[in-house]
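I have placed the structure first, in the form of structure tokens, so that the comments after it can refer back to it.
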Amino acid sequence: MPDEKQGADALRVYLTGATSDGGTQVNPDASLGNHRSSHEVPGMAWDLWQFFAGLTIQQVSAACGEGMAYIAALGDDELAFTAPGEGDSGEVVTIAQGETKVLESGSSGSKYCRVYRWGNEPFRGIVPVQLSTWYNNAVGMSNILDAERAAGEEKVRCLCLRAECSEGVESIKSWVKPLGDPFTSDVQQLPASGVGFIETTGVTEAIDRHGFLRIDDSGGTLKEIAFFTARHNSQKVEITDAAHRGLLGTTAQAGAATDIVRPVPGIRVAYQAPTVQPDGSAYVASDENDVPPGLTWYSAITSATGPVVASLTVGQIYYLWLRLSFPACTGASNVAFARAFNQVGLAYQPGL
């Protein structure tokens, strides 16, 4: 679907912090509520060594992931996009001077690149586009400083979701993506409270040296979120502080050999309706540590269990809050947590 504001481009994500709807606000650290900014939250960062004359990339969806993408010229005015790891490009798109188009990759409409053509020189060749994760954007948040690591920290950011499609969007769902594959605690489990170990006959090499773990029962129901600070080998991690149990709104409880454990970000998500549609404001946080009151926070790891906005007509908005809850700890890695914060999922259906 090459036209902009259709398909995966039907819902756009903007910074907040403007004094009126669509106002100027480009600082991700100031995305703390109030009104929608005119500045979009970028999905992926892109690096170009060369590019087609007269063409500008406006957005690359986060679904593309990291790696090398390609935009190929298949005619003087025709382009096709291939996301990293994809075997095929998407639909060939004709774009004229002054037009904005969406170039979709072959296997998924969620993997796309939005481009604007301001020149009229004919396209030639294939251009590589290096995609990488944004750090310290509104989703990644600012670094955890030494003092914040030692004392513990709560940080928030507010994003604005806006329906751009003329048919509107529906079933807008948000969740937190796990950071690695699940494993079972079939060798050793946590006690009902306090410090302890989680050990598996599987492997835990995919997780960092420290971080959050989501512990579900065998049926997939959340039991507890804990924070570990030591990984002894590829099969065993340790919670060394009793205060690192029962985090993110959960309660410490005894583990079982059938528990399912996943590395997750230490974040939750919440929706907030604007004061009025289509240009109302959100709660205005006084600083990044000011957690909005009255919201329901979700640590869901699937679209089926996270918060849902039923529908938005064209031009309507809704606010998405992100909340980091970081326990007091001296061993945190800024890189590890910046990677974790970018694991926020967003799904919706174009058209009402």
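Among the residues of the range 1-13, those identified as surrounded by fewer than 22 Cβ atoms within 10 Å (Cβ to Cβ) and charged (D, E, K, R) are ASP3, GLU4, LYS5, ARG12. The residues on offer are GLY266, GLY280, and the sole one that is of a type outside the set (Asp, Glu) and in contact with a Leu (Cβ under 8 Å, 6 or more places away or on another chain) is GLY266. Among the residues making up the range 156-182, those that are modelled with pLDDT under 95 and more than 14 Å from TYR318 (Cβ to Cβ) are CYS165, SER166, GLU167, TRP175, VAL176, LYS177, PRO178, LEU179, GLY180, ASP181, PRO182. I need the full set of residues from the range 285-306 which are of a type outside the set (A, V, I, L, M, F, W, C) and surrounded by fewer than 18 Cβ atoms within 10 Å (Cβ to Cβ), in order please. Passing the criteria: SER286, ASP287, ASN289, ASP290, PRO293, GLY294, THR296, THR302, SER303, THR305. The residues listed here are ALA206, ALA230; of these, the one that is closer than 14 Å to VAL264 by Cβ, at pLDDT below 95 and surrounded by fewer than 16 Cβ atoms within 10 Å (Cβ to Cβ) is ALA206. Considering (1) at pLDDT 95 or above; (2) crowded, with 21+ Cβ neighbours inside 10 Å, the lone condition that PHE212 does not fulfil carries the number (1). Could you grab me the full set of residues in the range 316-352 that are over 21 Å from GLN6 (Cα atoms), at pLDDT 75 or above and assigned to a loop (DSSP other than H, G, I, E, B)? Selection gives PRO327, ALA328, CYS329. Candidates in the range 74-89 are the residues that are under 15 Å from LYS101 (Cβ atoms) and surrounded by 18 or more Cβ atoms within 10 Å (Cβ to Cβ); of these, the one that is modelled with the lowest pLDDT is SER89. For GLN130, the requirement of being polar (S, T, N, Q), within 30 Å of ALA96 (Cβ to Cβ) and modelled with pLDDT of 95 or more is met.
Of THR16, THR24, THR56, all but one fail to be of a type in the set (Ser, Thr, Tyr), surrounded by 14 or more Cβ atoms within 10 Å (Cβ to Cβ), under 30 Å from LEU312 (Cα atoms) and at pLDDT 95 or above; the exception is THR16. Residues in the range 98-132 that are surrounded by fewer than 18 Cβ atoms within 10 Å (Cβ to Cβ), in contact (Cβ under 8 Å) with a residue 40 or more places away in the chain, part of a loop (DSSP other than H, G, I, E, B) and not charged (D, E, K, R): 7 in all.
Hey, does the range 260-267 have a residue that's more than 30 Å from THR201 (Cα to Cα) and in a loop (DSSP other than H, G, I, E, B)? Taking every residue of the range 260-267 in turn, none turns out to be more than 30 Å from THR201 (Cα to Cα) and in a loop (DSSP other than H, G, I, E, B).
The values are calculated or read from the model by the stated rules, or taken from the named source; none is laboratory data. This is a predicted model, so every value here is computed, not measured. Cβ: placed from backbone, ideal geometry, glycine included. Neighbour counts: every protein chain shown.
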